[in-house]
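The values are calculated or read from the model by the stated rules, or taken from the named source; none is laboratory data. Keep in mind that this is a model prediction, so the values were computed, not measured. All Cβ positions, glycine included, derive from the backbone under ideal geometry; neighbour counts span all protein chains shown. Accessible surface areas use protein heavy atoms only, side chains included; no ligands, DNA or RNA. Shrake-Rupley method; radii C 1.70, N 1.55, O 1.52, S 1.80 Å.
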Amino acid sequence: MIEASPTLRARVYWWLERPDRDADGPLLLEIALIVLISLNVGAVILETVAPIYARWKLAFDLFETVSLLVFTAEYLARLWVAPENPEVRSRRDWATSPLAVVDLLAILPAVLGMLFPLDLRILRTLRMLRLLKLTRYSPALGMLLAVFEEEAGAFLAGFFILVLMLIFASSGAWLAEHEAQPDAFGSIPAAMWWAVATLTTVGYGDVTPVTVAGKIFGAIITIVGIGMAALPAGIIASGLNDQLHRRRASLEAQFRLALEDGTICAEEQASIEALRKELGLSRRAASHIHEQVRTETQARQGVCPACGRSLQVSKSME
């Protein structure tokens, strides 16, 4: 296989990954992809309305074909230019990254539909996974994806505890209720529906204990379920907080580096603004960090933060 010119690959990488955040061309391409993803989600929603889909079936099918070609070309292009990213060691590393998996899921349902005789309604619904592609362009969604990636161990531990509690709750409910309600609690698998609804604090009320032992056990499981429901939320909240602090620290370090000579030049300001956009921080947050770093830097250099005069000069005048 003949390898294309590295210059061409670097150019394609520049267009797709937009390392230069102020470049107009890659920005327009990014906006076009966001619009295409949004239109795909809208199309999936409208296709579930039978009269609309029956009338515009040809248009929907044509739009899906064009979208599939675009998303497939995008995925293959990103796979090709992956070595241009200094943080990626190989194409295999890129292919197993969360964003690459999301890109693959965006085209996989349609490809499977071409290879295997699957239910078209299911395939159309699975195309909603393309909504996850917006995580590439949204700093907030990207932050959430980073939390899931970093806290995977904590989520796995929480899920394991939840499974244990589910088995314990369904087993206890079966022991207490299987004679009184053989239809709802006739087996441990049947009792799992009640256990899931109780542990997640949903409480549909379609299946409830009627015996004294069952009610006492159900009350205990309900109280335990309150803590279990809060466990994933706590992991996400803690992870998001750590991510935000890390991003603010990154911007703060950039400000400190720029203020080493006392002023921020135009080039340094452009670099800081590009980093701010990449991290998804607001201008107000960046301004607050700038003011904080400037005050600390001036105090360390012996300059009054209020008037900008040297503190040594002020003391000599006194």
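Odds and ends about this structure:
- Unique residue being of a type outside the set (Gly, Ala, Ser) and without any contact (Cβ under 8 Å) to a residue 40 or more places away in the chain when the list is Phe185, Phe148, Phe155: Phe185
- Per the conditions (1) surrounded by fewer than 16 Cβ atoms within 10 Å (Cβ to Cβ); (2) modelled with pLDDT under 80; (3) not basic (Lys, Arg), the sole criterion not satisfied by His288 is (2).
- Flag for Ile221 being surrounded by 14 or more Cβ atoms within 10 Å (Cβ to Cβ) and farther than 26 Å from Ala140 by Cα: yes
- Identity of the residue in the stretch 56-83, over 18 Å from Leu33 (Cα atoms) and of a type in the set (D, E, K, R), that ends up most open to solvent (accessible area, probe 1.4 Å): Lys57
- Breaking point among (1) out of contact with any Gly (no Cβ under 7 Å at 6 or more places or on another chain); (2) closer than 30 Å to Glu151 by Cβ, for Pro182: (2)
- Any hit, the stretch 43-55, residues being of a type in the set (Lys, Arg), more than 22 Å from the chain's Cα centre (by Cα) and open to solvent by 60 Å² or more (accessible area, probe 1.4 Å): yes
- Residue check, Met228 of a type in the set (A, V, I, L, M, F, W, C), over 28 Å from Val102 (Cβ atoms) and under 25 Å from the mean Cα position of the chain (by Cα): yes
- Residues located in the stretch 100-126, provided they are at pLDDT below 80, open to solvent by 60 Å² or more (accessible area, probe 1.4 Å) and closer than 26 Å to Leu144 by Cβ: Thr125, Leu126
- Exactly one residue out of Arg256, Arg276 is among the basic types (Lys, Arg), open to solvent by less than 50 Å² (accessible area, probe 1.4 Å), more than 29 Å from Ala157 (Cα to Cα) and out of contact with any Asp or Glu (no Cβ under 8 Å at 6 or more places or on another chain), and it is Arg276.
- Taken together, the residues in the stretch 191-216 that are among the hydrophobic types (A, V, I, L, M, F, W, C) and open to solvent by less than 40 Å² (accessible area, probe 1.4 Å) amount to 6.
- Count of the stretch 62-111 residues which are farther than 30 Å from Glu47 by Cα, among the β-branched types (Val, Ile, Thr) and under 20 Å from the mean Cα position of the chain (by Cα): 2
- Subset tally (residues that are of a type outside the set (A, V, I, L, M) and open to solvent by 70 Å² or more (accessible area, probe 1.4 Å)) for the stretch 127-149: 2
- Looking only at the stretch 167-183, and only at residues there that are surrounded by fewer than 19 Cβ atoms within 10 Å (Cβ to Cβ) and among the aliphatic types (A, V, I, L, M), the one that is nearest to Ile226 (Cα to Cα): Ile167
- The stretch 240-268 residues that are closer than 26 Å to Ala140 by Cβ, paired with ones that are modelled with pLDDT of 85 or more and in a helix (DSSP H, G or I) (beta carbon under 8 Å, 6 or more apart): none
- Test: residue in the stretch 150-158 that is closer than 16 Å to Leu244 by Cβ, open to solvent by 70 Å² or more (accessible area, probe 1.4 Å) and part of a helix (DSSP H, G or I): yes
- Restricting attention to the stretch 84-97, the residues that are surrounded by 15 or more Cβ atoms within 10 Å (Cβ to Cβ), of a type outside the set (Gly, Ala, Ser) and either in a helix (DSSP H, G or I) or touching a Pro at 6+ places or on another chain (Cβ under 6 Å) (or both) total 3.
- Yes/no for Gly227 being surrounded by 15 or more Cβ atoms within 10 Å (Cβ to Cβ) and closer than 30 Å to Gln181 by Cβ: no
- Any helices (runs of 4 or more DSSP H) falling wholly within the stretch 1-75 and containing at least 1 residues that are at pLDDT below 85: 6-17, 24-47
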